[in-house]
Every structure is written in structure tokens, then in C-alpha cells.
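Below is one structure, written out as C-alpha cells; comments come after it.
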Amino acid sequence: VYTYASPRTIGKKAFTDKVDEILLGKIHRIEYYLDPIPLAWAPGYENCGIRHWFHSDKEDYRCFENTKERYFSPNPFEFNKRPRDSRTKKEVCLQREQFSSLLTDLKWKVHFHNPQWYVKAAYQHLTEEQKEKLPSVDDSFPYLYYGWNKGK
């Protein structure tokens with residue numbers, strides 16, 4: 001089972017534990033960059049399966065496989081560079097984007113919930129042989145990327 005951009009409300013803990021036991025490694029959840037929809041949840045419900053996350057760096061889409069869930073950190077400094085911190089500024093930024101988000105940013109990030117981003121990221125990770133069997137990604141529709149900061 002592969003889900004793309006889906007909210008994380010799948011079932012109570014007993015249900016998700018049983019699903020993971022029966023379908024171990026057969027459920028994959030794909031998330032893209034700062035898409036806020038996969039953060040949507042209902043209290044008491046949990047995800048099952050394996051989370052994969054596409055990071056967007058201009059036109060290069062990096063895939064992080066089997067990554068931990070996004071969360072809201074109680075430590076306000078966790079995703080900030082501190083003195084004597086061995087992480088680079090780029091690593092700290094990547095961790096913030098991959099694992100944390102603010103609900104107040106929802107209206108600014110909802111444009112990342114766009115199937116075109118998922119298609120482009122997945123297409124880039126295909127082999128040349130696989131790409132030959134598929135049509136290329138059509139980026140001729142400017143409205144598909146509404147709100148994207150081109151200077152990023």
C-alpha cells in the first residue's frame with residue numbers, strides 16, 4: 001500500500017500495531033517537503049507503515065526513506081543552531097523541515113499539497129529505463145506551483 005500526501009489519522013494504537021504486525025514493511029507513506037496535510041491528525045489516532053519524505057532543493061528532490069515521524073518539539077531550541085553545536089546550519093534547517101512544523105504556517109505551506117510536486121519528485125528517482133516507458137512531467141501549467149518562492 002502506497003499513500004501520497006495523506007493525513008495521518010489511520011487508527012487507534014491497537015489497530016496500527018496489528019496492521020504493522022500483519023503487513024510489516026508493506027505500507028509506505030510518501031510526504032513531500034513542507035506539505036502540511038500529512039501533519040493532520042485526530043487525538044488518539046496513530047500512523048502505521050513506513051514514512052518516506054521528499055526534500056526539495058530547487059529542482060533536486062532528495063528522498064529520505066524510513067524516516068521518523070514529524071512532531072512538535074517541546075524544546076524551542078531543538079531546531080536552532082547553538083554554540084558548540086556540531087551540526088551545520090544547513091543540517092539544522094533540514095531537520096526542522098523534515099521533522100517539525102508550525103500550525104500557524106499552514107496557510108503559507110498548503111500549496112505544497114500539490115500532486116505535481118509528488119509526481120516530479122517520484123519521476124526524478126526513476127531509472128532511465130523506467131522514464132522511457134512513461135510520459136515526461138509536464139510543467140507548462142504555472143498555476144500548479146502557486147505560492148512557491150522561486151528564489152528559494
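The values are calculated or read from the model by the stated rules, or taken from the named source; none is laboratory data. The shown structure was predicted, so the numbers you read here are calculated from the model rather than taken from an experiment. Cβ atoms come from the backbone with ideal geometry, glycine included; neighbour counts cover every protein chain shown. Protein only, heavy atoms only, side chains kept; ligands, DNA and RNA dropped before computing areas. Shrake-Rupley method; radii C 1.70, N 1.55, O 1.52, S 1.80 Å.
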Stretchable slack from GLU21 to ILE50, in nm (0.36 nm times residue separation minus alpha-carbon distance): 9.2 nm
Inter-site label distance for ASP138 and VAL119 at 7 Å from Cα along Cβ, in nm: 0.7
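Over the alpha-carbon set of segment 1-104, divide Rg by the Kirkwood Rh and report the Rg/Rh ratio to two decimals.
For segment 1-104, the value is 1.00.
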At R0 = 35 Å, FRET efficiency that the Cβ-Cβ distance of ARG84 and VAL110 yields, to 0.05: 0.40
Using θ = phi - 60° and Karplus 6.51 cos²θ - 1.76 cosθ + 1.60, couplings along segment 17-29 (whole Hz; Gly, Pro as x): 4, 5, 4, 5, 5, 6, 10, 3, x, 10, 10, 10, 10
Under 5 Å, built H, 5+ apart or other chain: amide partners of ILE50: ILE27, HIS28, ARG29
Segment 1-43 - percent of accessible surface contributed by carbon and sulfur, probe 1.4 Å: 67
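Taking a 23 Å limit on the Cα-Cα distance, which of the listed pairs LYS68/LYS133; LYS12/LYS109; LYS68/LYS109; LYS13/LYS120; LYS26/LYS68 fall beyond it?
Details: LYS68/LYS133 33 Å; LYS12/LYS109 28 Å; LYS68/LYS109 21 Å; LYS13/LYS120 34 Å; LYS26/LYS68 17 Å.
The answer is LYS68/LYS133; LYS12/LYS109; LYS13/LYS120.
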